[in-house]
Amino acid sequence: MSENKLLELSFEFAVAIVNLVDGVTAPKSSYMTDQLARAGTSVGANIHEAQYAQSKKDFIAKLEIALKESNETSYWLNLMYETKRIDITTYQYAQKLCGNIRRLLIASCKTAKDNMK
């Protein structure tokens, strides 16, 4: 898959995270929604930034940061679901997008590293 697919998917994911966070009404959830919003939107921001990397190493570093952020986002999604801040449909949709992005990031990092050799 092309980086464009990754860019598109990560933007769709950011929109889903923003909408999810805006829809949380549970009291005392702001610390979780803040963390989720930061990590979830950071995924796409780092992928976008990687497109203008200064070098191949910089490109890989930005994708690896996006990968870490996607793992953190998954954690916050799990916590929000388990504490009943979000419903199962919202949770499954966001986790599916997050997992798809994570798989693309892993493949992209591997390809970029192999191309450096």
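Name the one entry in Ala45, Ala50, Ala14 that is of a type in the set (Gly, Ala, Ser), under 20 Å from Arg103 (Cβ atoms) and in contact with a Gly (Cβ under 9 Å, 6 or more places away or on another chain).
Just a single option satisfies the conditions, and that option is Ala14.
Only one residue in Ala39, Ala26 is open to solvent by 30 Å² or more (accessible area, probe 1.4 Å) and of a type in the set (Gly, Ala, Ser), so which one is that? Show your work before the answer.
Working: Ala39 fails: open to solvent by 30 Å² or more (accessible area, probe 1.4 Å).
Every option except Ala26 fails the conditions.
Considering only residues that are closer than 17 Å to Ala14 by Cα and free of Cβ contacts under 8 Å to residues at least 24 places away in the same chain, look in the range 58-74 and name the one that is most open to solvent (accessible area, probe 1.4 Å).
Here is the first cut: in the range 58-74, the residues closer than 17 Å to Ala14 by Cα are 62-63, 65-74.
Adding the requirement that they be free of Cβ contacts under 8 Å to residues at least 24 places away in the same chain leaves 62, 65, 68.
Details: Lys62: 35, Ile65: 77, Lys68: 147 Å².
The extreme case among them is Lys68.
Kindly provide the set of residues from the range 1-22 that are touching a helix residue (DSSP H, G or I) at 6+ places or on another chain (Cβ under 8 Å), open to solvent by 30 Å² or more (accessible area, probe 1.4 Å), part of a helix (DSSP H, G or I) and not β-branched (Val, Ile, Thr), ordered by number.
Listed by number, the residues that qualify are Glu3, Lys5, Leu7, Phe11, Glu12.
So, in the range 81-116, how many residues would count as being over 21 Å from Lys62 (Cα atoms), surrounded by 15 or more Cβ atoms within 10 Å (Cβ to Cβ) and polar (S, T, N, Q)?
Residues flagged as over 21 Å from Lys62 (Cα atoms), surrounded by 15 or more Cβ atoms within 10 Å (Cβ to Cβ) and polar (S, T, N, Q) within the range 81-116 amount to 2.
Which residue pairs have Cβ atoms closer than 8 Å, lie 6 or more positions apart in sequence or on different chains, and pair a first residue in the range 8-37 that is free of Cβ contacts under 8 Å to residues at least 60 places away in the same chain and closer than 15 Å to Ser74 by Cα with a second residue that is among the polar types (S, T, N, Q) and open to solvent by less than 70 Å² (accessible area, probe 1.4 Å)?
If the second residue must be among the polar types (S, T, N, Q) and open to solvent by less than 70 Å² (accessible area, probe 1.4 Å), the pairs left are Ala14/Thr41; Val18/Thr41; Val21/Thr33; Met32/Thr83; Leu36/Thr73.
The values are calculated or read from the model by the stated rules, or taken from the named source; none is laboratory data. It should be emphasised that the depicted structure is a prediction, and the values quoted were computed from it without experimental measurement. Methodologically, a virtual Cβ is constructed for each residue, glycine included, from the backbone with ideal geometry; neighbour enumeration extends over all protein chains shown. Just the protein is used for accessible areas: all its heavy atoms, side chains included, with ligands, DNA and RNA removed. Shrake-Rupley method; radii C 1.70, N 1.55, O 1.52, S 1.80 Å.
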